[in-house]
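Report on the following structure.
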Amino acid sequence: MDGKGRAIDYIFIDRFWRNIKYEKLYLEPSDNGLELYHKLRDYMKYYNLERPHQGLKYKKPVEMYPTFVTDFQKTIIFISICFLILFSFIQIK
């Protein structure tokens, strides 16, 4: 990204992936890609629907943003398709 403030453009996604790694993936290593996919999907549901966030005064995102659930479901579908495409390319090689 270009422009003002680009040093902090990726801070939110970096924090999200850091949380996934430290709270899920490092504690429960996966044996294969399908298992990893299911763990990531389950963690994303937990992170967005059940986990309290400090930046939201320890509320869950679903409590703060009522339309979030439908948007989250669309995002999960999109991410699922991306992972399936990625794993199909990995298996081809």
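Values for this structure:
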quantity	calculated
3J(HN,Hα) from dihedral phi, the range 19-34, Karplus parametrisation 6.51/-1.76/1.60, rounded to Hz, x for glycine, proline	4, 4, 5, 7, 8, 10, 5, 6, 7, 10, x, 9, 8, 8, x, 5
Per-residue ³J(HN,Hα) for the range 77-84, Karplus 6.51 cos²θ - 1.76 cosθ + 1.60, θ = phi - 60°, Hz, x for Gly and Pro	4, 4, 5, 4, 5, 4, 5, 5
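Each value in this text was obtained by applying a stated rule to the coordinates, not by laboratory testing. The model shown is predicted, which means the values in this text are computed figures rather than measured ones.
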